[in-house]
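First comes the structure, then the notes that go with it.
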There are 2 protein chains.
Amino acid sequence: MKYVNLKVDSVRNYCNEIFLKMGFDAGESDIITDVLLTADLYGIESHGVQRLIRYYKAYREGSIDVKAKAEKVFETDISAVLDAPYSMGQLAAKHGMELAIEKANVHGAGFVTVRNSNHFGIAGYYTKMAAKQDLLGICMTNTEAIAIPTYGKKAMLGTNPVALCMPADPVDFWYDVATTIVTRGKLEVYEKNGKPLPGGWAADENGLECDDAKRVIANIINKAGGGIYPLGGQSELTGSHKGYGLGLIVELFTSVFAGGTTSPHVKKSGNGDTSFCFIALDYGLFGDKVLIRKRFSELLDELRNSPKAEGCERIYIHGEKEAESHSEKMQNGIPVGPRTFGELKQIGEELGVDFEQHFTLDDG
Amino acid sequence: MKYVNLKVDSVRNYCNEIFLKMGFDAGESDIITDVLLTADLYGIESHGVQRLIRYYKAYREGSIDVKAKAEKVFETDISAVLDAPYSMGQLAAKHGMELAIEKANVHGAGFVTVRNSNHFGIAGYYTKMAAKQDLLGICMTNTEAIAIPTYGKKAMLGTNPVALCMPADPVDFWYDVATTIVTRGKLEVYEKNGKPLPGGWAADENGLECDDAKRVIANIINKAGGGIYPLGGQSELTGSHKGYGLGLIVELFTSVFAGGTTSPHVKKSGNGDTSFCFIALDYGLFGDKVLIRKRFSELLDELRNSPKAEGCERIYIHGEKEAESHSEKMQNGIPVGPRTFGELKQIGEELGVDFEQHFTLDDG
């Protein structure tokens with residue numbers, strides 16, 4: 001059995017029912033489902049429905065509390081800190097960005113941090129919320145430690161992604177990246193295919209560069225040392241310290257500014273110990289928004305149209321690949337691998353949601 | 001003649017007189033000199049007094065107007081846009097960060113952009129101003145285009161550095177990096193030594209990876225194509241798109257939000273067409289500052305003390321090397337190479353400042 005394309009509406013309805021069965025209300029189920037589906041539609045499979053099994057397990061183990069509410073523990077006109085213990089990350093995150101947007105709409109800027117939550121899906125989802133209101137959105141999260149600092153051999157920082165979305169035409173500039181050179185998901189692909197890792201990706205338990213994906217992943221799971229290099233790789237020669245510093249900045253804006261658990265102490269990113277940061281900025285802080293947006297869109301156009309390297313056909317603006325994937329998948333459905341297919345079915349069985357009723361033979 | 005160590009006070013007094021002779025007033029001369037010396041003291045020679053000749057030439061050519069003042073063209077409670085045509089970058093920059101700090105001290109945050117200025121020295125200088133007032137400081141600037149976008153072959157973005165300083169104990173976290181994999185200065189060192197460039201640093205005029213420093217630099221000067229890769233190198237496999245996107249974000253916060261000249265159109269970074277962005281944040285936006293600072297300092301300590309990779313002795317926190325360099329150089333003086341030594345002397349001769357009077361034989 002290979003990948004099958006499932007109808008977007010079918011996946012949406014099925015996931016919604018799953019979350020309802022877990023005990024989330026209709027509005028909450030909608031939000032969580034939308035975050036997952038958006039990842040799939042944008043082509044970010046690692047954060048789409050294939051991750052449902054992880055959320056389901058966290059729910060079963062009790063590290064996700066479906067009744068958890070985010071509590072405001074500190075607030076100013078332009079900032080707030082939310083405590084959301086064992087909350088579903090997507091719900092606490094949406095709440096956090098909504099509050100940041102509210103503040104930005106009144107005061108020009110909003111900074112909201114959240115602590116004690118769980119994995120929230122794609123960081124970019126929340127930045128899009130700001131862009132839809134013609135604001136600039138920024139989002140960061142820490143995670144379980146997986147990145148070794150430059151010259152270190154123990155994972156101390158998370159993949160610590162940062163996302164930024166700025167309204168532009170014809171498509172928003174939409175940046176969403178881990179501050180590590182790659183994510184663990186990428187290592188898993190190399191492990192599955194039995195291929196050696198590209199240079200500068202990962203270190204073994206002694207802190208030496210290592211191309212054995214299996215060994216690196218086992219070490220990460222067993223917390224035996226080693227991990228993934230920061231963006232910039234192993235050496236200062238290729239800017240390792242720059243990526244390491246970015247990861248640290250994300251840590252500052254998330255766990256430190258939220259009063260949450262820092263990455264070295266996050267047990268796993270679905271254990272009620274993850275911190276987020278949401279920033280919404282009204283770019284009218286810098287003058288006429290129509291002009292600024294036009295100026296930015298023109299710059300992006302110049303980049304798109306600038307000469308291509310030999311053998312390359314296209315220069316991408318961040319967010320273009322995702323927008324194209326979205327159009328294509330809305331039409332053709334969401335590709336789901338055999339393992340995910342099985343997991344979706346299994347979760348339904350355990351929770352009493354009829355898989356066959358949602359997915360016709362056409363879907364698979 | 002090799003490097004000689006010049007006394008810090010002698011260099012300070014000499015530079016001050018040079019700037020006075022150019023027509024800056026005493027306060028202004030102090031500021032510009034302090035920015036230059038701080039770079040040298042922190043061990044960032046490329047941005048220290050060795051760059052005096054470039055400022056001097058820009059002054060002679062008329063692209064620096066010593067009488068230029070920054071004019072506020074837009075303002076809100078937490079933001080402002082300054083127009084500072086042909087201004088000395090250090091003066092416009094200091095003014096910009098002062099305004100951002102003022103706003104942060106009243107409203108919690110200050111965002112100030114500056115357009116039409118000139119090269120301002122090290123970005124980190126201005127972030128330190130915020131940290132000295134127990135605020136978080138961020139600073140960005142665009143520059144002449146030198147970085148090629150992922151899959152491109154024409155330099156479209158500047159080195160576009162970003163600096164961030166967050167108060168911490170025993171030393172501030174002080175991050176100041178180009179969003180390119182390296183700066184042009186690094187290429188020049190390899191050219192001088194006739195060594196091939198490390199992999200993933202630079203591209204030739206066809207957009208192919210190139211280890212010939214001489215050729216890359218000549219192409220950059222003649223705007224013949226090619227340039228330096230973004231942080232992350234040439235390929236998406238090593239995160240090229242991440243560095244390229246960071247450069248674009250810096251462009252957004254500088255030229256786009258300032259209404260200035262975008263990097264592809266900056267003639268050279270000393271021609272009245274450079275834009276800056278200054279952000280000051282009162283981290284009391286997130287609660288008790290003493291606790292936050294303590295929490296952050298503890299995280300930095302954990303990183304410092306985490307296990308080292310085989311063959312490595314130390315894990316650095318950003319800003320430590322610079323702080324140690326500062327202590328050492330305050331005692332031993334500022335090392336100046338023969339070329340810079342000659343240039344300093346020559347500038348003095350042309351402006352009528354007595355070199356010998358400032359530097360005793362002991363100095364050289």
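Observations, loosely collected:
- Evaluated with a Cβ-only charge set (Lys, Arg +1; Asp, Glu -1), the protein assembly as shown carries a dipole of roughly 800 debye about its Cα centre, given to the nearest 20.
- Extending 7 Å from the Cα toward the beta-carbon at both A:E349 and B:V106 defines two label points whose distance is 6.6 nm.
- Mean separation of Cα contacts under 8 Å (6+ apart) over length of chain A, as relative contact order %: 23 percent
- Shape analysis of the stretch B:168-318 based on the Cα gyration tensor places the equivalent ellipsoid semi-axes at 34, 24, 13 Å, largest first.
- Charge dipole (the protein assembly as shown, unit charges on Cβ, about Cα centre) - positive-most of B:Q346, A:V353, B:S255: B:Q346
- Taking amide hydrogens as placed 1.01 Å from N in the peptide plane, the amide H of B:K154 sits under 5 Å from those of B:G226, each at least 5 positions away in sequence or on another chain.
- Spatial separation of Cα centroids for the stretch B:318-364 and the stretch B:1-32, in angstrom: 9 Å
- Each Cα pair under 8 Å and six or more residues apart adds its separation to the average, and for the stretch B:152-286 the resulting relative contact order is 22 percent.
- Rounded to the nearest 500, the 222 nm mean residue ellipticity of chain A from helices alone is -12500 deg cm²/dmol, with -39,500 (n - 2.57) taken per DSSP H run of at least 4 residues.
- Above 51 Å, the calculated P(r) of the protein assembly as shown contains 12 percent of its Cα-Cα pairs.
- The label point for A:K132 and the one for B:A26, both projected 7 Å from the Cα toward the Cβ, are 6.0 nm apart.
- Here the stretch A:45-133 is treated as a sphere whose radius is the Kirkwood value from Cα pairs; by Stokes-Einstein at 4 °C and 1.567 mPa s it diffuses with a coefficient of 95 µm²/s.
- Label-to-label distance, A:R339 versus B:R314, with points set 7 angstrom from Cα along the beta-carbon direction: 4.3 nm.
- Projecting 7 Å from Cα along the Cα-to-Cβ direction, the label point of B:G23 sits 7.5 nm from its equivalents in the other copies, listed shortest first.
- For the stretch A:133-203: Kirkwood Rh in Å [reciprocal of mean 1/r, alpha carbons]: 14.2 Å
- Nm distances between copies for A:A224, ranked from closest, using label points 7 Å along Cα→Cβ: 5.3
- Size of electric dipole in chain A: Cβ of Lys, Arg +1 and of Asp, Glu -1, about Cα centre, debye, nearest 20: 760 debye
- Within 10 Å of the Cβ of each residue in A:228-240, the mean number of Cβ atoms contributed by other protein chains is 5.
- Largest to smallest principal axis extent of the C-alpha atoms in the stretch B:46-89, angstrom: 39, 22, 10
- Extension gain for the segment B:I221 to B:K2, taken as residue separation times 0.36 nm less the Cα-Cα distance, is 76.1 nm to one decimal.
- Sites B:D211 and B:S63 - FRET efficiency at Förster radius 35 Å, r taken between beta-carbons, to 0.05: 0.55
Computed from the coordinates by the stated procedures, all read-outs in this text should not be read as laboratory data. Computed from a predicted model, the values in this text were never measured in an experiment. Every residue, glycine among them, receives a Cβ derived from its backbone with ideal geometry; neighbour counts consider all protein chains shown.
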